[in-house]
Amino acid sequence: MADSDDFDRCVFINCPFDTEYHPLFEAIVFAVSIAGFHPRCALEASNSGAYRLAKILDIINGCRYGIHDLSRTQPGAYGLPRFNMPFELGLDIGCKRFGSDERRQAKSLLILDRSRFRYQKFLSDIAGQDIRHHASSPRRAIGCVRDWLSLESRNFKMPGGDHIFARYREFRRDLPNLCLRVRLNPENLTFGDLGEAIRTWLEEYET
Amino acid sequence: MMPKVLSRQHVVPHGKSWAIRPEGNTRVTAIFRSKREAIDRAREIAGNRDSLVVVHGRNGQAFLGPAVPSTIDRNELRQAIRELQDARGRQAAEKRSK
């Protein structure tokens, strides 16, 4: 598990958790893990019993890196979008801007959307930030995360996006069998179980 | 008598082999032909406490877990991964021999 002194290795993943988005979420968690970082997200707050926003603020404060996917910011069932993702992006920008120390102010944020410049229609204030588009493709999402983490952490030995995507597909191929063995449903893993499955799988391969 | 404090063991690439390097050391203490052997020995040294074993990839990156507890039995999962790997290895060998 992540230690409190792991700030420089922790990545906050702010994204939707619905079924439709799940392949992208899983791909992003995999890319963060294979690059040697701790994936963290609001799902950690689900069972903590703590006030949800307080827990999310703690996670944001504990992560040097933040991935914010705005691709599902669109009118929903009640004609309104879910504002959680843009809201948590704002909290992370605030932490970076007003953070208590130099480490917080050196935070690095990646903003993802599904198409180029779409964000300008609903959140034009973020112009000038690091914004990339993944076209709702896990392969492209992995490439975006890998390129950004490699650059921001100055790790130029990190495997390329295509290599990571190939590994991700192998992991996906193995996951149903592995879940069968440990008596879990691969479509319904908790965030902790998914992270542990990815970590153990990566450990056993020479990636 | 004070209980012995175990240090974290890192499984790291060592040329084409794999090695164990205790945390804080610059030198490796054991070298193995396969990563699997190195992981097993590191776990033994760490008293089978997974939290005390850090496994790295070929590029040196450490594979870190999630920040929340998991319900998965890691021993069972690791065994299942190895059996899948072995089965694929056998299939590939049979294909080559045909």
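Where a number appears in this text, it was derived from the coordinates with a stated rule and is not lab data. None of the values given here were measured: they were computed from a predicted structure. A quick note on method: Cβ atoms are made from the backbone with ideal geometry, for glycine too, and the neighbour counts reach across all protein chains shown.
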Problem set entry | Within region A:67-185, helices (runs of 4 or more DSSP H) holding 3 or more residues that are surrounded by 14 or more Cβ atoms within 10 Å (Cβ to Cβ) | A:84-98, A:138-152, A:161-181
Exercise. So which of B:Arg88, B:Arg36 is charged (D, E, K, R), more than 12 Å from the chain's Cα centre (by Cα) and part of a helix (DSSP H, G or I)?
Worked result: B:Arg88
Problem set entry | Condition broken by A:Thr200, with the remaining ones in (1) surrounded by fewer than 20 Cβ atoms within 10 Å (Cβ to Cβ); (2) at the interface with chain B (Cβ under 9 Å from one of its Cβ atoms); (3) of a type outside the set (Lys, Arg); (4) within 20 Å of B:Gln85 (Cα to Cα) satisfied | (1)
Seminar exercise, completed: Subset of region A:67-125, residues in contact with a Phe, Trp or Tyr (Cβ under 7 Å, 6 or more places away or on another chain) and small (Gly, Ala, Ser), comes to A:Ser108
Problem set entry | Residues (within 7 Å of chain A (Cβ to nearest Cβ), in a helix (DSSP H, G or I) and more than 14 Å from B:Lys35 (Cα to Cα)) located in region B:58-85 | B:Arg74, B:Glu76, B:Leu77, B:Ala80, B:Leu84
Problem set entry | Those residues of region A:192-207 which are of a type outside the set (D, E, K, R) and in a helix (DSSP H, G or I), in sequence order | A:Gly192, A:Leu194, A:Gly195, A:Ala197, A:Ile198, A:Thr200, A:Trp201, A:Leu202
Seminar exercise, completed: Within region B:21-57, the count of residues that are more than 8 Å from every other protein chain (Cβ to nearest Cβ), among the hydrophobic types (A, V, I, L, M, F, W, C) and touching a residue at least 40 places away in the same chain (Cβ under 8 Å) comes to 4
